[in-house]
1. Which one is surrounded by the most Cβ atoms within 10 Å (Cβ to Cβ), of the residues in the stretch A:30-40 that are within 7 Å of chain B (Cβ to nearest Cβ) and more than 18 Å from the chain's Cα centre (by Cα)?
2. Before we move on, is B:T130 touching a Ser or Thr at 6+ places or on another chain (Cβ under 8 Å), within 14 Å of chain A (Cβ to nearest Cβ) and either open to solvent by 80 Å² or more (accessible area, probe 1.4 Å) or modelled with pLDDT under 95 (or both)?
3. Among residues belonging to the stretch B:10-21 that are touching a residue at least 24 places away in the same chain (Cβ under 8 Å) and more than 7 Å from chain A (Cβ to nearest Cβ), point out the one that is farthest from the chain's Cα centre (by Cα).
4. Which of the residues that make up the stretch B:143-157 are open to solvent by 10 Å² or more (accessible area, probe 1.4 Å) and either more than 7 Å from chain A (Cβ to nearest Cβ) or at pLDDT below 95 (or both)?
5. With respect to A:A176, is the statement that it is surrounded by fewer than 17 Cβ atoms within 10 Å (Cβ to Cβ) and among the aliphatic types (A, V, I, L, M) true?
6. Can you name the residue in the stretch A:43-55 that is part of a helix (DSSP H, G or I) and under 14 Å from A:R165 (Cβ atoms) and, of all such residues, is nearest to the other protein chains (Cβ to nearest Cβ)?
7. Just wondering, is there one or more residues in the stretch B:102-120 that are loosely packed, with under 13 Cβ neighbours inside 10 Å and touching a Pro at 6+ places or on another chain (Cβ under 6 Å)?
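The values are calculated or read from the model by the stated rules, or taken from the named source; none is laboratory data. Since the model is a prediction, treat every value here as computed from it, not as a measurement. Please note: Cβ atoms are built from the backbone with ideal geometry, for glycine as well, and neighbour counts cover all protein chains shown. Just the protein is used for accessible areas: all its heavy atoms, side chains included, with ligands, DNA and RNA removed. Shrake-Rupley method; radii C 1.70, N 1.55, O 1.52, S 1.80 Å.
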Protein chains: 2
Amino acid sequence: MIPQTMHTEQHLDFELDKAIPVLERTPAVLSDLLGDLPDDWTRVDEGPETWSPRQVVAHLIHGERTDWIPRARIILKQGKYRKFDPFDRFAELDSPRPLTDLLAEFDRLRGESIATLRGWNLKEKDLELTGEHPEFGTVSMRQLLSTWVVHDLSHISQITRTMARAYTRAVGPWTAFFRVLQRDIRQ
Amino acid sequence: MIPQTMHTEQHLDFELDKAIPVLERTPAVLSDLLGDLPDDWTRVDEGPETWSPRQVVAHLIHGERTDWIPRARIILKQGKYRKFDPFDRFAELDSPRPLTDLLAEFDRLRGESIATLRGWNLKEKDLELTGEHPEFGTVSMRQLLSTWVVHDLSHISQITRTMARAYTRAVGPWTAFFRVLQRDIRQ
């Protein structure tokens, strides 16, 4: 196996008009993937301290309410106090609500977030504005919005990895062919 | 960090009526995620010998034509010769066709595959039938169909991980928060 660190990675620069299409697709991707799926799939996790697909959706809702747009507002306002509230990554994880409701709420909230973001009509200079992250210190609007995109994508990756791993035993000898099923190699 | 091997994994047994819903959603998930997305996102990869999202879609089309249903047919027929043809994982990867065409073709082929699978109306005894894998030897219909599900899920996971990693630099200090952006830890 070739060590991943020998790879030459490809990087994309953040561009608002290429980031928004990713952000606005996430609710449809999640609804197609999880809506009305047999419950077993939505409740599996990867073991203690890992999340099931429905917990990830609940986490995304919380982010929509308290993280991305609220932090972007703090940056955009450029007030004297620009420190973000810490984001509680474990809030609302175990909602008893039906997953269909959670997916619908995420869809609605994300729609509002994107409308707000588009409404700001951010220019290059706005993307350079900064706020203060509770752990990292100074971060830019560009970094915040890039992180929003990565957050969506990494959680879709996590959901599908988690579902795949639930069949680790079911596939029998094919385990050897799937990197995601091998917990002892680097992904 | 807790070693992943200490985790108690959750496993699902293969059940045909819970597997089909996953398989039949994949085309919609991929179309929502990638259809008409700015081209940059569909062409990034994770470095040499890794695949871009559009290469993964091309690979899924090839699997639909030559792997899953053809192998299930060999098992179901229970002829004297039950050895599968080797699956060329690198065939058709670099199709020049527009991604929209590839997504539409995958949707059509998968629809046909699912119709065939449903039409067989497989019972428990059918799931126990076996064929011969060119590398692993004897494998069951149950394992083949489980692998089909894992194959879909792991490729969606791969596509979104690949896209997320393209923004590794763009997120700045937030890299620390995303397991998928860290190539030197176990996933």
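1. Among those that are within 7 Å of chain B (Cβ to nearest Cβ) and more than 18 Å from the chain's Cα centre (by Cα), it is A:L37.
2. No; evaluated as a whole, the condition is false for this residue.
3. Checked the stretch B:10-21; the qualifying residue farthest from the chain's Cα centre (by Cα) is B:L16.
4. Passing the criteria: B:H151, B:H155.
5. yes
6. If we take residues in the stretch A:43-55 being part of a helix (DSSP H, G or I) and under 14 Å from A:R165 (Cβ atoms), then A:R43 is nearest to the other protein chains (Cβ to nearest Cβ).
7. no
To keep it simple, each residue is scored yes or no on (1) aliphatic (A, V, I, L, M); (2) under 24 Å from B:I20 (Cβ atoms).
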{"site": "B:T66", "(1), (2)": "no, yes"}
{"site": "B:P70", "(1), (2)": "no, yes"}
{"site": "B:R73", "(1), (2)": "no, yes"}
{"site": "B:L76", "(1), (2)": "yes, yes"}
{"site": "B:D94", "(1), (2)": "no, no"}
{"site": "B:P98", "(1), (2)": "no, no"}
{"site": "B:R108", "(1), (2)": "no, yes"}
{"site": "B:E112", "(1), (2)": "no, yes"}
{"site": "B:G119", "(1), (2)": "no, yes"}
